[in-house]
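The values are calculated or read from the model by the stated rules, or taken from the named source; none is laboratory data. What you see is a predicted model, and the numbers here were worked out from it, not measured in a lab. Don't worry about glycine lacking a Cβ; one is built from the backbone with ideal geometry, like all the others, and counts go over all protein chains shown. The accessibility values were calculated without ligands, DNA or RNA, using every heavy atom of the protein model including side chains. Shrake-Rupley method; radii C 1.70, N 1.55, O 1.52, S 1.80 Å.
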Amino acid sequence: MLRHFTLIFAVAFLLLIGGMAVLAPLLPLHDPVQMDVMSRLGKPSLTYLLGNDEYGRDIFSRIIYGAQASLAVSLSAAVLAAIGGVALGLLGGYFQGWIENITMRPLDVILSFPPMLLALLAVTLLGPGTGTLTVILAILFIPAYARVTYGEVLSVRNLEYVEAARALGHRSGRILLRTVLPNVAGPILVQFSLVVASCIVLESGLSFLGLGVVPPDSSWGLMIRGARPYMHMEPLGLLWPCLALVFTVFSINRLCDFLRDMFDPKASVAAFTLPGMLAGQRLSRTAHAMSRKAEPDSLLQIRDLTTEISTPRGPIRAIDGVTLQVRRGEAVALVGESGSGKSMTGLSVMKLLPRRIGRIASGEIWYSRGEGENARAIDLAPVPASHFRAYRGRDMGMVFQEPMACLNPVYTIGYQLVEAITVHNNVSKAKAEEMALAELKRVGIPDPERRLREYPHQLSGGMRQRVAIAIALCGQPNLLIADEPTTALDVTVQAQILELLEDIRRTSNIGLIFITHNLGVVAEIADRVVVMYCGQVVEEGSVEEIFYSPRHPYTRGLLASVPKPEDLNSGEKRLASIPGTVPSPLALPPGCRFAPRCSYSTEACSVAVPELEVVTESQAARCIRWKEI
Amino acid sequence: MNYVLRRAVSAVATLFAVSTLLFLLLHIVPGDPAEILLSGGGMAPSQESVEALRSQLGLDRPLWQQYVTYMGNILQGDLGNSFQDGAPIAQEIVKRLPRTLELILTAALLAVVIGMPSGLLAALRRGGFWDGLFSSVSSFGLSIPVFVTGTLLILLFSQILRLVPAGGFVSFTEDPVQHLIYLLMPAFSIAVSLTPVVFRMVRTSILEFLEKEWVRTARAKGLGERSVLVRHVVRNSLSPVVTVLGLHLGTLLGGTVLVEYVFNWPGLSGMLVQAVEQRDYPAVQGIVLVICILFVLINLCVDLLYGLLDPRVRYN
């Protein structure tokens with residue numbers, strides 16, 4: 001509301017002041033330079049709307065004529081600078097080499113002078129006056145435009161079609177102009193309004209020093225300069241030009257923000273908050289963890305879990321009634337296309353959902369602690385995220401997809417490991433470093449002493465993922481959630497990481513949730529597989545069941561799209577893929593969510609969402625026709 | 001090390017370019033330099049005075065000789081003598097420079113002390129009351145030119161409330177309390193324009209870094225929210241904030257001209273404005289050169305600090 005109001009105000013104010021400045025000679029204004037000794041420092045009256053200045057001149061009329069001077073200087077300087085800057089940027093970016101040096105380097109020298117100083121230098125040499133002012137302001141702001149244009153040219157000149165055109169012998173200069181100019185139009189417009197505002201500020205500042213607009217011409221800076229000695233007698237005379245100046249600059253800045261948002265929509269995506277989420281993100285039910293006697297062997301039991309994410313177009317259910325179970329020492333693979341909700345399931349368990357826009361809406365997450373008879377299961381779902389750190393790291397650890405992005409670039413590997421160790425163990429720094437070394441050895445990092453002192457960017461991708469795994473294991477968790485841990489790595493490194501995870505699971509008897517879209521990986525690591533589609537579990541079963549007797553058409557589709565050696569040999573068969581795309585979570589089909597893409601679907605499929613039906617003791621499928629498949 | 005050396009070399013190169021430009025400017029301007037400098041009052045200068053100035057400045061010698069002498073003098077710390085009273089310019093600058101620096105550093109300190117916590121709060125409570133309030137105040141602060149802030153502060157605190165003197169200066173050794181009182185309003189005027197810059201940068205980078213995956217890793221480790229914020233969000237946001245602050249300190253070096261003028265603060269700028277009015281080119285040249293050296297040095301410090309804050313810069 002406030003944003004709209006200020007924007008409307010800004011536009012209205014600029015139109016008003018600009019319009020009056022342009023039409024000044026036609027308006028019934030007093031002569032701005034005509035002195036009236038009788039009404040020196042006069043109060044506002046019907047004749048003199050804003051009063052009179054120290055020479056008895058009409059303040060209102062001087063404000064309007066001041067606007068005229070200010071806008072004339074600033075607009076012409078901004079236009080001149082734009083022409084010069086865009087030309088230099090195009091030349092420098094397009095030709096590169098020595099032309100780049102003679103066009104772009106001198107601009108750096110301009111930038112190494114504070115603008116005000118360069119202006120003063122020029123005034124010393126050329127004397128004050130509007131002409132000098134315009135030229136010097138134009139020169140000052142050339143670099144701003146040149147840099148924007150230059151950057152855009154550089155990014156466009158290597159685009160494929162420009163290179164293709166060049167290879168074909170086309171006049172790529174013209175192509176460049178045609179592609180670059182429309183692209184820079186937005187940024188240049190933003191720059192233009194910024195420059196106009198800066199010019200107005202500089203012009204008024206110089207005039208205020210008596211080195212800009214020359215009296216008796218009017219300028220806001222000059223008016224402030226003139227009214228200053230009389231502020232104790234008539235403060236209004238000082239306030240009017242100050243207000244005019246501040247409102248003008250504010251309005252231009254506001255307009256500039258608006259233009260920037262318009263040309264760069266990314267910058268302005270507002271936060272959308274679910275109702276009631278600001279108050280501590282907790283569920284309305286209960287803040288206390290419920291506990292019960294644990295079922296033997298069970299480590300994690302998720303029941304009917306629903307997680308909501310708010311989007312600009314309304315809340316969506318990222319996961320919708322998911323039920324799954326992980327036993328001690330068991331590896332469960334969570335499989336599905338992107339958007340199936342598999343990562344969200346992992347993040348929900350860790351309570352690491354996107355800040356302020358994600359929350360667990362309903363369901364239970366029973367987690368078992370302790371051994372044998374004493375084992376207790378706790379429902380983690382109602383535990384608020386703020387209290388959840390007691391579980392993270394110690395009970396459950398998580399490894400993410402991008403090992404580079406997951407490690408903080410400004411700390412050494414050692415620091416980040418020690419940090420994780422000291423959270424969970426009350427040990428000295430020396431002891432923690434010793435433990436960190438042991439952790440690095442455990443995940444198979446060669447020369448661990450050296451690696452401890454290195455930064456993430458000095459390690460290879462596979463190394464970083466090993467470090468990330470070591471960090472996740474620091475608190476000896478019972479459950480490890482690995483979210484696509486091998487996707488960003490090349491194939492040989494992938495195999496090593498899988499081997500490492502498998503090894504850790506065996507030796508430490510921890511439960512593993514392995515999230516992936518790659519079924520090939522699943523066969524190597526998982527005991528059981530849970531297939532997800534559109535936030536729901538559509539099928540689950542042992543690895544053998546899923547691979548050899550899949551009951552859900554979606555599982556079959558996923559399996560068919562994995563390249564098999566015999567397909568490669570036969571040569572003629574094309575790689576199968578599931579037709580269609582994943583539906584938008586905002587427009588889910590009624591009934592079975594896979595029906596629109598399914599070759600087995602019938603009318604009955606679209607009537608109601610099918611239940612997860614038991615197929616065998618360990619297998620279940622969410623399909624009304626699973627028996628026929 | 002390599003990084004430090006590279007930065008230092010580029011700083012020296014910039015300074016060389018700037019001093020050369022300052023030398024050339026007088027000769028690039030069309031017309032006879034001596035005549036230009038003497039025609040300030042609008043009257044044509046007499047032939048004798050032009051000749052006298054020409055030999056005083058060495059303008060009668062070949063350009064390259066003038067240049068060599070000029071650079072040699074600069075390297076020895078000799079910036080020539082003022083037109084107005086013949087006093088050595090370097091001496092006057094040495095006397096006034098610390099006062100300008102004091103003003104700027106106080107303003108920068110104020111800006112950081114106010115801008116960082118408010119930026120952090122606004123980012124953490126994005127879309128909330130404080131975010132709205134701080135953001136509106138900052139966009140207003142960005143729109144007020146420094147000399148307007150200064151003048152209005154004088155109007156309010158000196159004229160209407162009569163709390164503090166309208167301007168002036170007492171040296172710290174003479175009367176520390178009074179010195180600080182005089183420092184308050186000019187430093188605050190500069191801070192009004194600088195704080196919004198710091199605030200916006202802090203807010204943007206905190207929001208950006210909050211979404212980083214290493215923050216999620218830190219939470220997944222079991223770190224407390226405070227440690228996550230301080231070590232993995234605020235610490236990382238220091239680099240961009242330092243960069244922006246450094247860039248704006250340079251602009252401020254120019255902006256102080258106005259503030260010192262408004263508050264009669266006897267720093268470099270008062271000297272500069274007077275020199276410009278009198279068309280005292282050697283003095284203007286000297287002051288601008290010194291300020292540019294400062295500007296380059298500040299940027300060098302920022303670059304080095306940046307390297308210190310971000311290991312990726314150091315090692316590449």
(message) When you check residue B:243 against the structure, is it facing chain A (nearest Cβ under 7 Å), within 25 Å of the chain's Cα centre (by Cα) and of a type in the set (Ser, Thr, Tyr), yes or no?
(response) no
(request) Taking only region B:301-314 into account, find how many residues are open to solvent by 30 Å² or more (accessible area, probe 1.4 Å) and touching a residue at least 60 places away in the same chain (Cβ under 8 Å). (result) 6
(request) Starting from residues that are polar (S, T, N, Q) and within 26 Å of residue A:348 (Cβ to Cβ), keep the ones in region A:467-493 and report whichever is nearest to the other protein chains (Cβ to nearest Cβ). (result) A:476
(message) Can you say whether residue A:253 is farther than 21 Å from residue A:57 by Cβ, surrounded by fewer than 22 Cβ atoms within 10 Å (Cβ to Cβ) and facing chain B (nearest Cβ under 9 Å), as far as the supplied structure shows?
(response) yes
(message) Can you tell me which condition residue B:162 does not meet? The list is (1) open to solvent by 30 Å² or more (accessible area, probe 1.4 Å); (2) part of a helix (DSSP H, G or I); (3) within 14 Å of chain A (Cβ to nearest Cβ), and all the others hold.
(response) (2)
(message) For the structure I just gave you, tell me whether residue A:88 is away from every other protein chain (no Cβ under 14 Å), touching a residue at least 40 places away in the same chain (Cβ under 8 Å) and either open to solvent by 10 Å² or more (accessible area, probe 1.4 Å) or not small (Gly, Ala, Ser) (or both).
(response) yes
(request) Please enumerate the residues belonging to region B:126-153 that are more than 23 Å from residue A:116 (Cα to Cα) and among the aliphatic types (A, V, I, L, M). (result) B:133, B:137
(message) I'm trying to understand the selection: among the residues of region A:208-218, which are more than 10 Å from chain B (Cβ to nearest Cβ) and free of Cβ contacts under 8 Å to residues at least 40 places away in the same chain?
(response) A:215
(request) Looking at (1) in contact (Cβ under 8 Å) with a residue 12 or more places away in the chain; (2) surrounded by fewer than 21 Cβ atoms within 10 Å (Cβ to Cβ); (3) within 14 Å of chain A (Cβ to nearest Cβ); (4) not hydroxyl-bearing (Ser, Thr, Tyr), find the lone condition where residue B:144 falls short. (result) (2)
(message) Considering only residues that are within 18 Å of residue B:230 (Cα to Cα) and within 8 Å of chain B (Cβ to nearest Cβ), which ones fall in region A:417-434?
(response) A:419, A:420, A:423
(message) Among (1) touching a Lys or Arg at 6+ places or on another chain (Cβ under 9 Å); (2) more than 11 Å from chain B (Cβ to nearest Cβ); (3) at pLDDT 75 or above, there is one condition residue A:283 misses while meeting the rest; what is its number?
(response) (3)
(message) Condition (residue is within 14 Å of chain B (Cβ to nearest Cβ) and either aliphatic (A, V, I, L, M) or not in a helix (DSSP H, G or I) (or both)) applied to region A:442-450: is it met by at least one residue?
(response) no
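Suppose the filter is more than 20 Å from residue A:624 (Cα to Cα), out of contact with any helix residue (DSSP H, G or I) (no Cβ under 7 Å at 6 or more places or on another chain), modelled with pLDDT of 90 or more and surrounded by fewer than 16 Cβ atoms within 10 Å (Cβ to Cβ); does residue A:566 pass it?
Numbers: more than 20 Å from residue A:624 (Cα to Cα): yes; out of contact with any helix residue (DSSP H, G or I) (no Cβ under 7 Å at 6 or more places or on another chain): yes; modelled with pLDDT of 90 or more: no; surrounded by fewer than 16 Cβ atoms within 10 Å (Cβ to Cβ): yes.
Answer is no for this residue.
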(message) Please go through (1) part of a strand (DSSP E or B); (2) open to solvent by 30 Å² or more (accessible area, probe 1.4 Å); (3) not basic (Lys, Arg) for residue A:316 and return the number of the only condition it doesn't satisfy.
(response) (2)
(message) Can you tell me how many residues within region B:230-240 are open to solvent by 10 Å² or more (accessible area, probe 1.4 Å), of a type outside the set (Lys, Arg) and either farther than 28 Å from residue A:481 by Cβ or without any contact (Cβ under 8 Å) to a residue 24 or more places away in the chain (or both)?
(response) 3
(message) Among (1) at positive phi; (2) loosely packed, with under 14 Cβ neighbours inside 10 Å; (3) not polar (S, T, N, Q), there is one condition residue A:586 misses while meeting the rest; what is its number?
(response) (1)
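Please find, within region A:228-240, the residue that is least open to solvent (accessible area, probe 1.4 Å) out of those that are assigned to a helix (DSSP H, G or I) and more than 9 Å from chain B (Cβ to nearest Cβ).
A:237
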(message) Any residue in region B:112-137 that is among the basic types (Lys, Arg) sitting within a Cβ distance under 7 Å of a residue that is part of a helix (DSSP H, G or I)? List the pairs, counting only those 6 or more apart or interchain.
(response) B:125/B:131; B:126/B:207
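Having 2 or more residues that are more than 27 Å from residue A:610 (Cα to Cα) is the bar; report the strands (runs of 3 or more DSSP E) wholly within region A:321-426 that clear it.
A:358-369, A:376-379, A:396-399
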(request) Could you please find all residues in region B:1-29 being in contact (Cβ under 8 Å) with a residue 60 or more places away in the chain, closer than 23 Å to residue B:79 by Cα and of a type in the set (Val, Ile, Thr)? (result) B:14, B:18
(request) Say whether the condition of being modelled with pLDDT of 85 or more and surrounded by fewer than 17 Cβ atoms within 10 Å (Cβ to Cβ) is met by at least one residue in region A:40-50. (result) no
(request) Look at region A:393-406 and say how many of its residues are over 17 Å from the mean Cα position of the chain (by Cα), surrounded by 24 or more Cβ atoms within 10 Å (Cβ to Cβ) and either facing chain B (nearest Cβ under 7 Å) or of a type in the set (A, V, I, L, M) (or both). (result) 6
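Test residue A:118 against the criterion of being within 35 Å of the chain's Cα centre (by Cα), within 14 Å of chain B (Cβ to nearest Cβ) and under 26 Å from residue B:272 (Cα atoms), and give yes or no.
no
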(request) Considering only residues that are within 29 Å of residue B:171 (Cα to Cα), in contact with a helix residue (DSSP H, G or I) (Cβ under 9 Å, 6 or more places away or on another chain) and of a type in the set (S, T, N, Q), look in region B:66-100 and name the one that is surrounded by the most Cβ atoms within 10 Å (Cβ to Cβ). (result) B:100
(message) without any contact (Cβ under 8 Å) to a residue 60 or more places away in the chain and among the hydrophobic types (A, V, I, L, M, F, W, C): is that true of residue A:512 in this structure?
(response) no
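Out of region B:269-300, which residues are outside any helix (DSSP H, G or I) and either surrounded by fewer than 21 Cβ atoms within 10 Å (Cβ to Cβ) or without any contact (Cβ under 8 Å) to a residue 40 or more places away in the chain (or both)?
Once the filter is applied, which keeps residues that are outside any helix (DSSP H, G or I) and either surrounded by fewer than 21 Cβ atoms within 10 Å (Cβ to Cβ) or without any contact (Cβ under 8 Å) to a residue 40 or more places away in the chain (or both), region B:269-300 yields B:278, B:279.
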(request) Could you tell me whether residue B:22 is at pLDDT 80 or above, part of a loop (DSSP other than H, G, I, E, B) and outside the structural domain of residue B:292 (by TED's automatic domain parsing)? (result) no
(request) Could you list all residues from region A:411-421 that are open to solvent by 10 Å² or more (accessible area, probe 1.4 Å) and among the β-branched types (Val, Ile, Thr)? (result) A:412, A:418
